[in-house]
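Following: one structure in structure tokens, then a few remarks.
Every read-out reported here was derived from the displayed coordinates using simple, explicitly stated rules and does not represent laboratory data. All values reported here derive from a predicted model rather than from experimental measurement. Quick reminder, even Gly has a Cβ in these numbers, built from the backbone with ideal geometry, and neighbours come from all protein chains shown.
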There are 2 protein chains.
Amino acid sequence: MIRVVLVDDQQLVRTGFRMVLGAQPDIEIVAEAADGAEAVAALRGIRADVVLMDVRMPRMDGVEATRLILAEPDAPKVLILTTFDLDEYAFAAIRAGASGFLLKDVPPADLLSAIRSVHVGDAVVAPSTTRRLLDLVTAYLPSESRPVGNLNVLTAREREVLLHVARGLSNMEIAAQLHLAEATVKTHLGRILAKLELRDRAQAVVYAYESGLISSRPKG
Amino acid sequence: MIRVVLVDDQQLVRTGFRMVLGAQPDIEIVAEAADGAEAVAALRGIRADVVLMDVRMPRMDGVEATRLILAEPDAPKVLILTTFDLDEYAFAAIRAGASGFLLKDVPPADLLSAIRSVHVGDAVVAPSTTRRLLDLVTAYLPSESRPVGNLNVLTAREREVLLHVARGLSNMEIAAQLHLAEATVKTHLGRILAKLELRDRAQAVVYAYESGLISSRPKG
DNA sequence: GTGGGAATCAGTCCTGAGGCGGACCGGGAT
DNA sequence: ATCCCGGTCCGCCTCAGGACTGATTCCCAC
């Protein structure tokens with residue numbers, strides 16, 4: 001028997017889920033809550049396996065509630081439900097340790113199999129949002145280290161130019177700063193790109209930060 | 001009609017898939033290949049919608065093949081198949097832009113729906129491995145401790161594009177990674193530059209680092 | 001249902017950027 | 001003296017990048 005808790009601020013939504021889940025022989029609804037605070041409180045008294053958690057709720061949202069719930073020993077799995085597509089809140093919830101992510105318009109059959117999946121330890125992500133999730137992963141997981149041509153293959157003058165490029169200046173602006181002709185700056189930059197095996201100035205900026213040539217100063 | 005290409009070094013596996021897919025009225029197998037090199041070569045001659053790609057193969061593995069295939073204009077979607085669980089190779093394939101990830105013991109019905117899903121642009125991840133994917137996300141995604149600044153004037157999608165710009169990718173490459181047209185990427189980037197009052201992508205890279213959107217990690 | 005923001009894509013236009021070749025100068029190494 | 005190299009400068013040519021306009025779809029808010 002899978003012990004489920006419903007958390008949603010809309011009465012109607014809870015009713016809908018209750019009807020779907022209530023008909024299942026292996027699922028039992030052990031509590032309901034209208035916001036995150038209620039959910040956390042309710043879970044202190046009972047043992048549950050899976051929490052169906054809305055993200056946007058008054059008082060305490062689903063993210064914070066998820067965080068608190070999962071901080072407890074022997075915590076249940078949390079399955080996030082939202083009306084909209086994958087958004088900030090949903091990501092935050094996943095970071096908080098949620099086991100999955102579904103849209104509220106999920107077909108009943110899918111909802112049920114999702115509950116059973118998270119119960120056995122698997123995770124579930126709505127098909128339409130898996131795409132975004134993968135995109136995110138590729139965005140943050142940089143492709144493995146580049147071969148990196150070394151910084152000291154550059155001449156002093158080239159490093160100087162790179163420094164300016166890495167501040168976001170145009171060739172013209174760099175020329176003015178260094179009292180050079182634009183053509184000269186282009187020549188230097190061309191050599192820099194060739195030596196470091198970079199394609200364009202944008203990659204040069206990335207290189208400057210990643211190599212430690214310059215370092216970001218968090219606020220100021 | 002969905003035009004599918006099978007890539008696997010084991011004759012037997014291809015035969016199995018051929019039998020499953022062959023029975024479908026809306027699916028057509030247009031080519032088969034025994035390794036990555038063959039697959040790339042085969043795809044040069046024909047138009048395909050979905051490639052079922054094994055990861056571990058002789059000569060050229062599925063990751064490299066995926067990278068090459070997706071670098072072409074008008075590339076098909078690539079669906080990764082492995083015998084084992086989510087491993088290095090599979091992640092590399094996802095980074096290379098694959099649309100999904102399944103185990104070879106996937107039930108035929110699931111395989112078919114997966115093919116149809118990726119064909120329409122969605123992504124698919126085997127349920128048993130979604131867990132790891134989420135773990136990955138939580139492990140690598142920076143905690144919500146971002147100083148942001150003006151960053152929240154950007155939409156989620158724009159931030160995503162900025163993330164890719166900040167890694168030195170060209171508009172074309174970003175388009176491929178995010179499964180968009182180059183025109184769309186340019187539109188997004190244009191709005192990003194306008195909102196953040198930046199001039200070009202090089203300044204966008206600077207902004208990404210300085211705002212803490214990404215942080216340099218001079219290797220560990 | 002009407003309006004508006006977000007996301008998607010197309011097409012045009014113009015400029016900065018970057019590749020390539022060539023040239024001159026000064027100094028250090030040979 | 002000669003040669004090489006780093007720094008400087010120039011022109012030519014192509015193209016990716018960015019500005020702008022406009023259209024469509026979806027979905028939410030009023």
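Apply 1/(1 + (r/R0)^6) to the Cβ-Cβ distance of B:E197 and A:I46, taking R0 = 60 Å, and write down the FRET efficiency to the nearest 0.05.
Calculated transfer efficiency: 0.70.
If the only charges are +1 at each Lys and Arg Cβ and -1 at each Asp and Glu Cβ, what is the size of the charge dipole of chain A around the Cα centre, to the nearest 20 debye? Intermediate values should be presented prior to the final figure.
Details: 25 positive and 28 negative charges, 187 e Å.
It comes to approximately 900 debye.
If each residue of separation counts as 0.36 nm, what is the full-extension length gain between B:D26 and B:T155 once their alpha-carbon separation is subtracted?
42.7 nm
Shortest first and in nm with one decimal, please list how far the B:A23 label point sits from its counterparts in the other copies (point 7 Å along Cα→Cβ).
2.9
Can you count the Lys pairs in the protein assembly as shown with C-alpha separation below 24 Å, eight or more apart or on different chains?
Pairs that pass both the separation and distance tests number 8.
Can you pull the one-decimal nm distance between simple spin-label points at B:R116 and A:A75, each 7 Å off the Cα toward Cβ?
Modelled inter-label distance: 3.7 nm.
Relative to the other copies, what are the label-point distances for B:M60, with labels 7 Å from Cα along the C-beta vector, expressed in nm at one decimal and sorted shortest first?
Ordered by increasing distance: 5.5 nm.
For chain A, treating each Cα as an identical point scatterer without solvent, what Debye log10 I(q)/I(0) comes out at q = 0.08, 0.16, 0.19 1/Å?
For chain A at q = 0.08, 0.16, 0.19 Å⁻¹, log10 I(q)/I(0) is -0.49, -0.95, -1.27.
Does the stretch A:1-80 classify as rounded, prolate or oblate by the C-alpha gyration tensor (a ≥ b ≥ c root eigenvalues; a/c under 1.5 gives rounded; else a/b over b/c gives prolate, otherwise oblate)?
oblate
Compute the label-point distances linking B:K186 to its equivalents in the other copies; points lie 7 Å from Cα along Cα→Cβ; give nm, one decimal, shortest first.
2.2
Based on the Cβ-Cβ distance from A:R56 to B:A109, what FRET efficiency comes out when R0 is 51 Å, to the nearest 0.05?
Numbers: r = 35 Å, r/R0 = 0.68.
Efficiency, rounded to the nearest 0.05: 0.90.
Quick one: dipole size for the stretch B:1-45, taken about the Cα centre, charges +1 on Lys/Arg Cβ and -1 on Asp/Glu Cβ, in debye to the nearest 20. Spell out each step's value before the answer.
Numbers: 4 positive and 7 negative charges, 22 e Å.
That gives a dipole near 100 debye.
I'd like the projected area of the protein assembly as shown, averaged over all directions, using the convex hull of its alpha carbons. Report it in nm² with one decimal.
Average projection, Cα convex hull of the protein assembly as shown: 24.5 nm².
Hull surface divided by four, with the convex hull built on the Cα atoms of the stretch A:147-211: how many nm²? Could the numbers behind the result be given before it?
On the way: hull surface 15.0 nm².
That works out to 3.8 nm², a quarter of the Cα hull's surface.
Which residue, B:E173, B:E64, B:E88, has the most motion in a Gaussian network model of chain B that connects Cα atoms within less than 10 Å?
Among B:E173, B:E64, B:E88, the largest mean-square fluctuation in the Gaussian network model of chain B belongs to B:E88.
Give the long-range amide H neighbours of B:I27: residues separated by 5 or more places, or on another chain, with amide H under 5 Å away, using H modelled in the peptide plane at 1.01 Å from N.
So B:I27 has HN proximity to B:I2.
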